[in-house]
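**Student:** Sharing a structure here in C-alpha cells format.
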Amino acid sequence: MSVRPITRWVSLCGALASLVWAAAGFLGGASTGGCTPEGPAATPTEPIVIGVSLGLSESLASFTAALQQAVRAAEGQINASGGLLGRPVRFDVVDDRSNNKEYIDGVAQGFITSNVVAVIGPVGSSQVDRIQAALRGRQILLISPSATSTTLTGIQPAKDRYLFRTVPSDEFQVKALVRLARLGPGGFGAQSTSDAGAGGDAGAPAGEACPRMFVIHADNKYGGPMADALEASYPGPGRQVVGRVKVAEEVVASYDGVVAQVLAAKPDCLALIQYDDVGGALTRAIDKARRDNPAALPARFFLMGTDGVYTSGYLENSRDDKGNPASRNAAEGVYGTNPDTNPPTPEYNEMKNIFTAYFPLKSGEEVPAFVANTYDAAVLVALAIQQAGSATDRVKIRDALFQVSRGGKAYSPAQLNEALLAIRQGGDVDYNGASGTVDLDDNGNVEAGFIVWKVEKGQFVTAGRIPQKDLGN
C-alpha cells in the first residue's frame with residue numbers, strides 16, 4: 001500500500017539553520033535567530049534522513065501533534081549544532097493513522113524503500129509489534145517514545161536487537177497501578193470520602209483501598225499483556241480481581257453489556273487499560289450507570305486509567321457533549337498512572353526551554369506527555385550516528401546507541417552541542433535525557449518513575465509521584 005506523507009515543515013530555528021547550511025556552509029560563529037550553533041564548518045550536502053512514524057490523524061491525533069513538535073525542536077537543535085558527520089539532519093515525519101494493521105505495514109515499507117537511517121515511533125505497542133521484524137530484517141534501528149507493552153522486551157534478542165524505547169515497560173506501570181489501587185485516591189493527597197479515612201471504607205481490610213478490582217482492557221498488544229500482569233500481581237491478603245473483560249480497539253455503539261458485568265461484580269475499583277476514544281466512551285457509560293443507580297457500586301468505588309487515556313482526547317471523549325467545554329465531564333475524579341514524562345529535573349527543564357523556544361506554551365500550560373521521551377529518542381539517534389561515524393553502517397549505529405546512553409561523561413539536553421563536539425574529538429558521551437537517564441539495558445528498555453494523575457475541573461493534575469526506586473527492579 002502506498003503511503004501518503006503529511007506536509008513536512010521545519011521550525012523557525014531549524015529553517016534558519018538550513019538557510020545557513022545552504023548559503024555558505026554551517027560556520028561555527030553563525031547566529032540563527034536565538035540559536036547558538038558552534039559546530040564545525042561543513043559544505044552543503046544531502047541531509048541524513050531519519051524516519052518518524054506518528055498517528056497524526058484519527059484516534060491519536062490529539063496526542064501526537066506535540067510529539068511531532070518535539071522532533072522538530074530536536075531537528076533544529078541538532079542542525080544548529082553543526083549537524084551530523086558534516087551533514088544536516090532531516091526527520092521525515094509520516095502519518096501512520098494510528099493504525100496497527102495494513103496501513104502501518106505500508107509506512108514501514110516506505111521507510112525501508114527510502115533507506116532511512118533509523119525510525120522514531122510508532123506510538124502504539126501493537127504498531128511497534130507489527131513492524132519491528134521487518135525493520136530489524138534490514139537492520140534499521142527503531143526507537144519508540146511511548147510503546148510500553150511488556151511483550152516488546154523479549155520480542156528481539158538481548159543485545160543483538162534493533163528495537164528500543166525511551167519509556168519504561170508496563171512491567172513498572174503495573175506496579176504503579178497496584179500501588180494506586182492499594183492506597184486509593186486518599187493515598188495521593190485527595191480527601192477520602194470513606195468513613196475509614198484515607199485508604200478505604202469502614203469494614204475494608206486495613207490499608208487496602210480496593211479489596212475487589214475489575215479490569216477492562218483493550219484487546220491488543222497493549223491492553224492484554226498489562227491486564228495479564230495486573231491480574232497475576234494484584235491478588236493478596238484482602239485483595240482480588242473479581243472480573244475482567246476485553247473490548248475492541250474501535251468504539252462500538254453500546255457498552256451496556258460491559259457495564260452490566262461491572263455492576264454484577266460490585267468492585268471497589270476499576271482499572272481501565274485503553275486508549276482515549278474507547279476509554280472515554282467506557283467512562284461515560286460507567287458514570288451514567290452510577291448516576292442512574294447510586295447504590296449500584298460501593299461508595300468507595302474509584303476508576304483508574306493508564307497512560308493510554310492520559311491525553312486531551314480522553315478528556316474530550318469523556319464529555320457528555322463533545323466540543324462543549326462547559327458540559328459535564330464523566331472523567332472528573334478519575335485517577336490514573338503514567339510514566340513520569342515531565343520529571344522535576346534540571347534536564348527536563350532544559351528540554352522545556354528548548355521546546356518552548358520553538359513552540360511557545362500558553363500561560364500555565366505544561367509540556368504535553370511524552371514530548372520529553374520523543375525528544376530524547378531523536379537526540380539519542382543523532383548521537384549514535386555521530387558516535388558510529390557513519391550514516392550507513394547500521395550495526396555500528398545500533399552499537400553506538402547503547403554506548404551514548406550509558407557510561408562516559410554526562411551531557412544534558414542543553415549540552416547537545418558539547419556532546420557532539422566531544423564525540424568528534426573522541427570523547428565518551430553519556431546522554432542524560434529530559435525524561436530520565438535513558439540508560440538503555442540489553443533489552444532496549446529504560447527505567448523511570450511514574451506519576452499518579454487525577455482529572456480535576458476537566459484537566460489533568462499530578463496527584464503524586466512514585467520514584468522508580470519504589471517500584472523495584
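**Student:** Which three extents, in angstrom, do the Cα atoms of region 294-376 have along their principal axes, listed largest first?
**Tutor:** That gives 50, 27, 19 Å along the principal axes, largest extent first.
**Student:** Okay, next question. Taking the Cα centre of region 332-386 as origin, work out the dipole magnitude from +1 charges on Lys and Arg Cβ and -1 charges on Asp and Glu Cβ, in debye rounded to 20. The partial results should precede the final answer.
**Tutor:** Working: 2 positive and 7 negative charges, 31 e Å.
Here the size comes out at about 160 debye.
**Student:** Here is a follow-up. To the nearest 10 degrees, how steeply does helix 394-405 sit against the main Cα axis of the chain, on a 0 to 90 scale?
**Tutor:** Result, in degrees: 70.
**Student:** Probe of 1.4 angstrom, ligands and nucleic acids ignored: what's the accessible area per residue over region 368-473, in square angstrom?
**Tutor:** 36 Å²
**Student:** Roughly what % of Cα-Cα distances in the chain sit above 36 Å, to the whole percent?
**Tutor:** 29 percent
**Student:** Right, another one. Using the crude model of +1 on Lys and Arg Cβ and -1 on Asp and Glu Cβ, and no other charge, please compute the dipole size for the chain relative to its Cα centre, in debye to 20.
**Tutor:** My answer is approximately 120 debye.
**Student:** In addition: What is the percent of Cα-Cα separations in region 106-194 that go past 23 Å?
**Tutor:** For region 106-194, the fraction of Cα-Cα distances above 23 Å is 38 percent.
**Student:** Distance check, please: which entries in 288/362; 101/246; 352/396; 159/352; 175/396; 246/457 exceed 24 angstrom between their Cα atoms?
**Tutor:** 288/362; 352/396; 159/352; 175/396; 246/457, as the Cα separations exceed 24 Å there.
**Student:** Which whole-Hz ³J(HN,Hα) couplings does region 258-265 yield from phi under the Karplus relation 6.51 cos²θ - 1.76 cosθ + 1.60, θ = phi - 60°, glycine and proline marked x?
**Tutor:** 5, 4, 4, 5, 5, 4, 5, 7
**Student:** What angle do you read, to the nearest 10 degrees and between 0 and 90, between the alpha-carbon axis of helix 223-233 and the longest principal axis of the chain?
**Tutor:** Helix 223-233 sits roughly 60 degrees off the main axis of the chain.
**Student:** Within 10 Å, count the other beta carbons around each residue, average over each peptide in 117-125, 277-285, and list them highest first.
**Tutor:** In decreasing order of mean packing, 117-125, 277-285 become 117-125, 277-285.
**Student:** Placing +1 on the Cβ of each Lys and Arg and -1 on the Cβ of each Asp and Glu in the chain, which of 254, 349, 455 has its Cα farthest towards the positive end of the resulting dipole?
**Tutor:** So the residue furthest toward the plus end is 254.
**Student:** For region 299-343, report the accessible area per residue in Å² (1.4 Å probe, heavy atoms, rounded to an integer).
**Tutor:** Ligands and nucleic acids excluded, the result is 32 Å² per residue.
**Student:** Alpha carbon centre of region 390-465 versus region 81-102: separation in Å?
**Tutor:** Distance between centres, Cα-based: 18 Å.
**Student:** Then there's this: In degrees from 0 to 90, rounded to the nearest 10, what is the angle of the helix 276-292 Cα long axis to the longest principal axis of the chain?
**Tutor:** Taking the Cα atoms of the chain, the angle to 276-292 is about 20 degrees.
**Student:** Pop out the carbon and sulfur fraction of the accessible area of the chain as a percent, whole number, probe 1.4 Å.
**Tutor:** Of all accessible area on the chain, carbon and sulfur atoms account for 50 percent.
**Student:** Could I ask something else about it? Region 70-130: which trypsin sites (Lys or Arg not before Pro) are DSSP loop and have at most 13 other beta-carbon atoms within 10 angstrom?
**Tutor:** Counting only loop positions with at most 13 other Cβ atoms within 10 Å, the trypsin sites (Lys or Arg not before Pro) in region 70-130 are 101.
**Student:** Okay, next question. Would you calculate a helix-derived [θ] at 222 nm for the chain, using -39,500 (n - 2.57) for each DSSP H run of n ≥ 4 and dividing by the full residue count, to the nearest 500?
**Tutor:** Calculated mean residue ellipticity at 222 nm is -11500 deg cm²/dmol.
The values are calculated or read from the model by the stated rules, or taken from the named source; none is laboratory data. All values derive from a computational prediction rather than experimental measurement. Please note: Cβ atoms are built from the backbone with ideal geometry, for glycine as well, and neighbour counts cover all protein chains shown. For the accessible areas, the whole protein counts, side chains as well, though only heavy atoms, and no ligand, DNA or RNA atoms are used. Shrake-Rupley method; radii C 1.70, N 1.55, O 1.52, S 1.80 Å.
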